[in-house]
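One structure is given here, and the rest of the page talks about it.
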Ligand SMILES: [Zn+2]
């Protein structure tokens, strides 16, 4: 993630701190100081928040290590002011596996709470509940209470939070993943709106978490929907076969003519029939604003020109386009360029297929999705 600071490695997984988290610490330090006018109390408050987020890291590690048991690696763990995010390379496809991976996070906080409870009972360290506050009362007892809150909050069925994933996994066992995701995402968005309303009156952080959940549910539901629509299709089923290309010696002025003449935005640049790069609209506009109309297109194009074979699976082609943030990818067959794959065209194809499906035509699409990212608000 951008703007992140690497803290270290735990069990081979990089742990990052987002810089907004430092802003949160500074803000809270100031807030505690204003409330108490006591530097010591403010520092204790900050140390407590750090300890709390230590528990959040362990929570994310719970997800990551459970996923590892199923052969799924975790790219990294990042701490944000609203919680932690463990980026798993993919989500387990089997509902039972997703169920255990989702539960592993809150289970860690439950274990921490129990250990703190035993420690507090053994040392007689309990403070009366009314003396507990943000900076007052027993440090360990406050940590105990907040771990319990983490468990309860994360188990709310607010997909893509843990409880929502548990719900999706349970539904998927009976309804299949596509339908289960749609239902879990609807419940999640309703919860997100509730978070927003409650947050408005009580705690502004809930508003941020609500936004995160709302957008997260939408994105994952859309992804599962798209993946199930793409399952079983090949790149050649969705590529544009009517497209324009540029030659390496063409000028940027020629590219502008092509841009204005049609709806295509990115142009493959060919040399001896081989794609050697793609001139994207943004790069073209940038070159023009620098007054480089007469330069060759090769000066403005991006050279990291990945191509995809027409026989490859459409689903993995779309995944790699998303990963690289490409809107367009040249399609080749036997080394020659035969088509252009664009995200716009793919969504049009999905729309058309959905319409045909809706008509009850024999053109049916199978359901076998695989989401990629695993995000958790804690
Ligand atoms: Zn979690």
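No lab work stands behind these numbers, since they all come straight from the coordinates. On a predicted model such as this, the values are computed, not experimentally measured, just so you know. Cβ placement follows ideal geometry from the backbone for every residue including glycine, while neighbour counts extend to all protein chains displayed.
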Computed over segment 235-358: relative contact order in percent, which uses C-alpha pairs under 8 Å that are six or more apart = 31
task = Arrange 224, 111, 101 by Cβ neighbour counts within 10 Å, fewest through most, would you?
result = 111, 224, 101
ask   = Evaluated at 10 °C with a viscosity of 1.306 mPa s, what Stokes-Einstein diffusion coefficient in µm²/s does segment 195-258 have when Rh comes from the Kirkwood expression over alpha-carbon pairs?
value = 96
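Would you list 220, 257 from fewest to most Cβ contacts within 10 Å?
Listed from fewest to most nearby Cβ atoms, that is 257, 220.
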key: Rounded if a/c under 1.5, otherwise prolate or oblate - segment 158-295, Cα gyration tensor axes   = oblate
Span from the segment 293-322 Cα centroid across to the segment 228-250 one, whole angstrom = 10
key: 0 to 90° range, to nearest 10: angle between helix 343-358 axis and the chain longest Cα axis   = 80
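Using alpha-carbon pairs under 8 Å, 6+ residues apart, how would you state the relative contact order of the chain in percent? Numbers along the way, then the final one.
On the way: 632 pairs, mean separation 59.9, N = 378.
Reported as a whole number, the value is 16 percent.
Given 0.36 nm per residue, what is the gain on full extension from residue 70 to residue 290 after removing their alpha carbon distance, in nm? Present the calculation step by step, with values, prior to reporting the outcome.
Values: separation 220, 0.36 × 220 = 79.20 nm, distance 5.19 nm.
Residue separation times 0.36 nm, minus the Cα-Cα distance, leaves 74.0 nm.
Among DSSP beta bridges whose residues both lie in segment 4-155, state the antiparallel percentage, nearest 5.
On the way: 12 of 16 bridges.
Looking only at bridges with both residues in segment 4-155, the antiparallel portion is about 75 percent.
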request  = Just need log10 I(q)/I(0) for the chain at q = 0.09, 0.10 Å⁻¹, Debye formula, equal scatterers on the alpha-carbon atoms, no solvent, rounded to two decimals.
outcome  = -0.68, -0.80
key: Proportion of all alpha-carbon pairs of segment 235-358 beyond 18 Å (%)   = 52
task = Run the quick spin-label model on residue 22 and residue 256: label points 7 Å from Cα toward the beta carbon, then report their separation in nm to one decimal.
result = 4.4
remark   = In nm, the gap between the two label points placed 7 Å beyond Cα toward Cβ at residue 50 and residue 186 is 4.7
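Highest mean first, what order results for 152-160, 205-213 on Cβ atoms within 10 Å?
Answer by packing, highest mean first, reads 152-160, 205-213.
Mind running the shape call on segment 54-95? Use the C-alpha gyration tensor, a ≥ b ≥ c as the square roots of the eigenvalues: rounded below 1.5 for a/c, prolate if a/b tops b/c, oblate otherwise.
Numbers: a/c = 2.30, a/b = 1.93, b/c = 1.19.
Prolate shape, in that a/c is at least 1.5 and a/b is the bigger ratio.
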query = Hey, what angle do you get for helix 95-123 against the long axis of the chain, alpha-carbon based, 0 to 90 degrees rounded to 10?
reply = 20
ask   = Just for the Cα atoms in segment 232-294, what are the lengths along the principal axes, largest first, rounded to whole Å?
value = 46, 25, 17
ask   = So for the chain: antiparallel DSSP bridges make up what percent, rounded to the nearest 5?
value = 75
remark   = Relative contact order in percent for segment 4-155 (Cα pairs under 8 Å, 6+ apart) equals 22
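Where a ≥ b ≥ c are the square roots of the eigenvalues of the C-alpha gyration tensor, would you call segment 4-155 rounded, which needs a/c under 1.5, or, failing that, prolate if a/b is larger than b/c, or oblate? Please report the intermediate quantities before stating the final value.
Values: a/c = 2.70, a/b = 1.50, b/c = 1.80.
Oblate shape, in that a/c is at least 1.5 and b/c is the bigger or equal ratio.
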message = Output the 0 to 90 degree angle, nearest 10, between the alpha-carbon long axis of helix 252-261 and the longest principal axis computed from the alpha carbons of the chain.
response = 90
